[in-house]
Amino acid sequence: MNTSLEVEYWVVDDAGDLVSPDTLLDVSPQVDPEFVEPMLEIKTTPCGSMAKLREELVGRIGRVVDAARDRNKRLVPLATPLNVAPADIPYRDKEGTDLQRRIVGPTFDDARVCAGTHVHFERSNVADQLNALTAIDPAFALVSSSAHYRGERILECARPFLYRRSCYETCPEQGQLWPYVDSVAEWEQRLEDAYDSFRERALERGVDRATFENEFCPYDAVWNPVRLRKAMPTVEWRSSDAALPSQVLRLTAEVRSIVTRADEHGTVRDETAVPTESDAIIESNAVTDEPLHLPAFETVESITDAAIRDGLEGAEVRRYLRGLGFTPAEYDPLADRMTDSRITERRAKKLRLRAADRLEADLERRRVRA
């Protein structure tokens, strides 16, 4: 199953202040600007094996890191910039961003402080792929890289809270997790319904219909944790934070294995099984050449809430993830290494630089192994 990655990183100067990538965007065609100034995105091509994906990701991040150091800049693998307010992070000039803010409202500004990782899978048995990615949504806790917002420790996994519960609180169909589906047609109908309601909200806020329809189509008017992409075409998992390359690759390998199983053997929904209270899911998924057993969607939502609140500290979260095939003990989220106290501006700069050091050390270890 061809798999590709998109990783977002903050850009800072040698003092730890957020800065524009500027000429870093010229390092490779696979480096793109993001919708806020001090962030960039590094992409891989679709790769048929994890070995090839590792080689591409490490190589491309490494080239950008080297170019950044030549320009007295660093890349920071944190989900939020820790203490910066949204208003202090400028948008790039983009009509779609301005329209989103008009339509969604002021809470859209919280998206400015969120950096994540997107994993794309080649479309095959799409409904099973979508459902498997929906069930594994709480796996973002495995690589949580920030618990802070505006200097305060808010929750163990700050980014999914800010992006889903705050930014898209008023437009849940545009940014929150959708339930399981029985077919691609059902998913596409949801897309149409979400698009219609988003357009109606836009018209109510004075956006011209032609302007809206010129900027958005149904496939590109949702920013949910799981998306079906028509142009690429892929099934996209957008749940996890920006993180170290080794963490991103470990998580991608496990997610890919689970999605491959769902693709090859199908999925079964155990609507009455609650994995935090019984061994049903764990026992059912122990045999890997059988369909992947998925818990009730209500259970997914409950564990997602627990993951946002507690991260891997939550025993129910760890048990849930083990039941789906993950190995939580092998992960060391960057958020767990942060202070529990309030972060001042001076401290935030140091922590960003420390995270940049970890990114560079992580890359160096992989280069040595190669």
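The values are calculated or read from the model by the stated rules, or taken from the named source; none is laboratory data. Computed from a predicted model, the values in this text were never measured in an experiment. When we count neighbours, we look across all protein chains shown, and the Cβ atoms used for this are built from the backbone with ideal geometry, even at glycine. What goes into the accessible areas is simple: the full protein's heavy atoms, side chains included, and nothing from ligands, DNA or RNA. Shrake-Rupley method; radii C 1.70, N 1.55, O 1.52, S 1.80 Å.
Odds and ends about this structure:
- Which listed residue, of Glu37, Glu41, is at pLDDT 95 or above and within 18 Å of the chain's Cα centre (by Cα): Glu41
- Any chance Tyr180 is open to solvent by less than 40 Å² (accessible area, probe 1.4 Å) and under 17 Å from Arg238 (Cβ atoms): no
- Pro160 in contact (Cβ under 8 Å) with a residue 60 or more places away in the chain, closer than 21 Å to Phe297 by Cα and open to solvent by less than 10 Å² (accessible area, probe 1.4 Å): yes
- Residues of the range 167-177 that are under 22 Å from Glu298 (Cβ atoms) and either part of a helix (DSSP H, G or I) or open to solvent by 40 Å² or more (accessible area, probe 1.4 Å) (or both): Glu169, Pro172, Glu173, Gln174, Gly175, Gln176.
- Residue in the range 29-78 that is least open to solvent (accessible area, probe 1.4 Å), counting only those that are within 23 Å of Asp332 (Cβ to Cβ) and among the basic types (Lys, Arg): Arg74
- Positions within the range 125-145 being more than 19 Å from Glu298 (Cα to Cα), part of a helix (DSSP H, G or I) and either open to solvent by less than 10 Å² (accessible area, probe 1.4 Å) or not β-branched (Val, Ile, Thr) (or both), in sequence order: Leu142, Val143
- Only one of the numbered conditions (1) surrounded by fewer than 21 Cβ atoms within 10 Å (Cβ to Cβ); (2) under 27 Å from Phe140 (Cα atoms); (3) without any contact (Cβ under 8 Å) to a residue 40 or more places away in the chain is violated by Asp193, and that is (2).
- Of all residues in the range 76-100, those that are closer than 14 Å to Glu345 by Cα and in contact (Cβ under 8 Å) with a residue 24 or more places away in the chain have Cβ atoms under 6 Å from Cβ atoms of residues that are in a loop (DSSP other than H, G, I, E, B) and charged (D, E, K, R), 6 or more apart or on another chain, in Ala85/Arg150.
- The set of residues in the range 84-114 being open to solvent by 30 Å² or more (accessible area, probe 1.4 Å) and either touching a helix residue (DSSP H, G or I) at 6+ places or on another chain (Cβ under 8 Å) or not in a loop (DSSP other than H, G, I, E, B) (or both) consists of Ala87, Asp88, Tyr91, Glu95, Asp98, Arg101, Arg102, Pro106, Thr107.
- Members of the range 315-343 found to be without any contact (Cβ under 8 Å) to a residue 60 or more places away in the chain and of a type in the set (A, V, I, L, M), listed by number: Ala315, Ala329
- Taking the range 124-159 as the range and being hydroxyl-bearing (Ser, Thr, Tyr) and in contact with a helix residue (DSSP H, G or I) (Cβ under 6 Å, 6 or more places away or on another chain) as the test, the residues that pass are Ser124, Ser144, Ser145, Ser146, Tyr149.
- Per this entry, Ser257 is not counted among residues that are among the hydroxyl-bearing types (Ser, Thr, Tyr) and at pLDDT below 95.
- Residue in the range 220-232 that is open to solvent by less than 10 Å² (accessible area, probe 1.4 Å), within 21 Å of Thr80 (Cα to Cα), free of Cβ contacts under 8 Å to residues at least 60 places away in the same chain and in contact with a Leu (Cβ under 7 Å, 6 or more places away or on another chain) present: yes
- The lone criterion from (1) open to solvent by less than 30 Å² (accessible area, probe 1.4 Å); (2) assigned to a helix (DSSP H, G or I); (3) among the hydroxyl-bearing types (Ser, Thr, Tyr); (4) touching a helix residue (DSSP H, G or I) at 6+ places or on another chain (Cβ under 6 Å) left unmet by Thr117 is number (2).
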